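Q: Right, I'll just put the structure down here and ask away after.
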Amino acid sequence: MESGTDPGIDLATITDRMAVKKAVQCGNVEDAIEKVNDLNPEILDTNPQLFFHLQQQRFIELIRNGKVEEALEFAQEELAPRGEENQSFLEELERTVALLAFEDVSNCPVGGLLDISQRLKTASEVNAAILTSQSREKDPKLPNLLKMLLWAQNQLDERAAYPRIKDLSTAMLEDPAI
């Protein structure tokens, strides 16, 4: 109660969300899609951009695993129709399909798509969509609380002497200079 967090949070939903996020981070996109649909089938139905990004990640994983023929077939059957439906996806699709044009994808101009950061970006997007569907805040509260703490300390510095938090990571207090 002191932290201001909701004690009614269902721990199972956190575990489910973490499982989806881990699946994307490990490159198991099909598994992640299945888990998202188990949680709430409307998430992917109502968020075509998220579904496109998951399919895009699935395509990237096929290329990463050297399954070029399968990736090409997947791009034709799944990704191309999405690009035709929505022009905003077309540029991303072209950039992603460009991975197929290079033998050494690690050194190509769009090789960044194969970085772990791409998986993390997709995983964060999925996590935010799940939180939104559960009517939860998609951004963590702690960074904002720390920013507010620093702001309050700066305001107090001008007005009073008080035990200031010197290091946020350890919460070490600094005695006020009198």
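The values are calculated or read from the model by the stated rules, or taken from the named source; none is laboratory data. For clarity, every value in this text was computed on a predicted model and none was experimentally measured. Because the Cβ atoms are built from the backbone with ideal geometry, glycine has one as well, and the counts that use them run over all protein chains shown. Accessible surface areas use protein heavy atoms only, side chains included; no ligands, DNA or RNA. Shrake-Rupley method; radii C 1.70, N 1.55, O 1.52, S 1.80 Å.
Q: Got a number for residues in region 91-125 being surrounded by fewer than 18 Cβ atoms within 10 Å (Cβ to Cβ), of a type in the set (A, V, I, L, M, F, W, C) and closer than 25 Å to Ala32 by Cα?
A: Final tally of qualifying residues: 6.
Q: Mind checking which pairs have a first residue in region 75-95 that is among the charged types (D, E, K, R) and a second that is open to solvent by 60 Å² or more (accessible area, probe 1.4 Å) and assigned to a helix (DSSP H, G or I), Cβ under 9 Å, 6 or more apart or different chains?
A: Listed pairs, sorted by first residue: Glu78/Arg58; Arg82/Pro48; Glu85/Pro48.
Q: Do you know which residues across region 38-81 are over 28 Å from Asp16 (Cα atoms) and of a type outside the set (A, V, I, L, M, F, W, C)?
A: Gly66, Lys67, Glu69, Glu70, Glu73, Gln76, Glu77, Pro81
Q: Now a separate question. Report, ordered by the first and then the second residue, all pairs with beta carbons closer than 9 Å, sequence separation of six or more or different chains, a first member in region 151-169 that is open to solvent by less than 70 Å² (accessible area, probe 1.4 Å), and a second member that is outside any helix (DSSP H, G or I) and of a type in the set (Asp, Glu).
A: From residues that are open to solvent by less than 70 Å² (accessible area, probe 1.4 Å), the pairs are Arg164/Glu174; Arg164/Asp175; Ile165/Glu174; Asp167/Glu174.
Q: Testing Leu142 on (1) within 21 Å of the chain's Cα centre (by Cα); (2) at positive phi, one condition comes back false. Which one is that?
A: Unmet condition: (2).
Q: Considering each of Ala23, Ala71 in turn, give the residue that is of a type outside the set (Asp, Glu), surrounded by 18 or more Cβ atoms within 10 Å (Cβ to Cβ) and more than 16 Å from the chain's Cα centre (by Cα).
A: It is Ala71.
Q: Still on this structure: Just wondering, is there one or more residues in region 162-172 that are modelled with pLDDT under 90, touching a Gly at 6+ places or on another chain (Cβ under 6 Å) and not in a loop (DSSP other than H, G, I, E, B)?
A: no
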